[in-house]
Amino acid sequence: MLSSKPKILIVDDDKAILHSLSKIFKSRGYFVTIAEKGGEAIKEIRVRHYDVALVDLALPDMEGDKLFPLIREVSPKTVKIMLTGRIEFEDSIEGADAFIPKPVPPDKLLKIIESKLIMNRKQEERV
């Protein structure tokens with residue numbers, strides 16, 4: 001586990017996914033904020049830095065990838081991960097650090113996120 005308490009923003013319109021991911025990340029020591037719509041996520045992004053943004057591609061008010069330019073502008077070091085349940089998708093959404101199809105086993109998701117955070121910290125140490 002990482003030494004400080006990472007902040008994660010989870011954006012998904014599926015309440016069951018929000019609840020289960022929130023519970024999993026909190027049990028691992030993350031500070032968790034959830035949003036069901038892109039508009040809610042935008043408000044959160046503007047008031048708080050997040051180490052990770054875990055974003056569903058299909059949100060009720062926008063495509064999730066539309067959040068990435070704002071995240072990059074406000075917090076360039078935030079790890080941006082796109083989740084989708086769509087069978088057909090492009091594996092290179094612009095601005096995403098990772099693209100993960102749903103359903104994803106929680107342990108796999110945690111490993112991906114933690115490895116991305118470790119990579120970010122190593123890059124910061126080199127600067």
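Descriptive notes on the structure:
- Flag for Ala35 being touching a helix residue (DSSP H, G or I) at 6+ places or on another chain (Cβ under 9 Å) and at pLDDT 95 or above: yes
- Residue within the range 23-34 that is crowded, with 17+ Cβ neighbours inside 10 Å, under 11 Å from the mean Cα position of the chain (by Cα) and of a type in the set (Phe, Trp, Tyr) present: no
Yes/no matrix, rows are residues, columns are (1) in contact with a strand residue (DSSP E or B) (Cβ under 9 Å, 6 or more places away or on another chain); (2) closer than 24 Å to Glu124 by Cβ; (3) not charged (D, E, K, R):
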position: Lys26; (1), (2), (3): yes, no, no
position: Phe31; (1), (2), (3): yes, yes, yes
position: Glu40; (1), (2), (3): yes, no, no
position: Glu44; (1), (2), (3): yes, yes, no
position: Arg48; (1), (2), (3): yes, yes, no
position: Asp56; (1), (2), (3): yes, no, no
position: Met62; (1), (2), (3): no, no, yes
position: Lys66; (1), (2), (3): no, no, no
position: Ile71; (1), (2), (3): yes, yes, yes
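- Checking each residue in the range 73-102 for being at pLDDT 85 or above, out of contact with any strand residue (DSSP E or B) (no Cβ under 6 Å at 6 or more places or on another chain) and assigned to a loop (DSSP other than H, G, I, E, B) picks out Ser75, Pro76, Lys77.
- Top-ranked residue in the range 35-56 [being under 11 Å from the mean Cα position of the chain (by Cα) and in a loop (DSSP other than H, G, I, E, B); ranked as nearest to Val11 (Cα to Cα)]: Tyr50
The values are calculated or read from the model by the stated rules, or taken from the named source; none is laboratory data. Everything numeric in this text was worked out from a predicted model, so none of it was measured. Cβ sites come from the backbone with ideal geometry, for glycine too, and all protein chains shown count toward neighbours.
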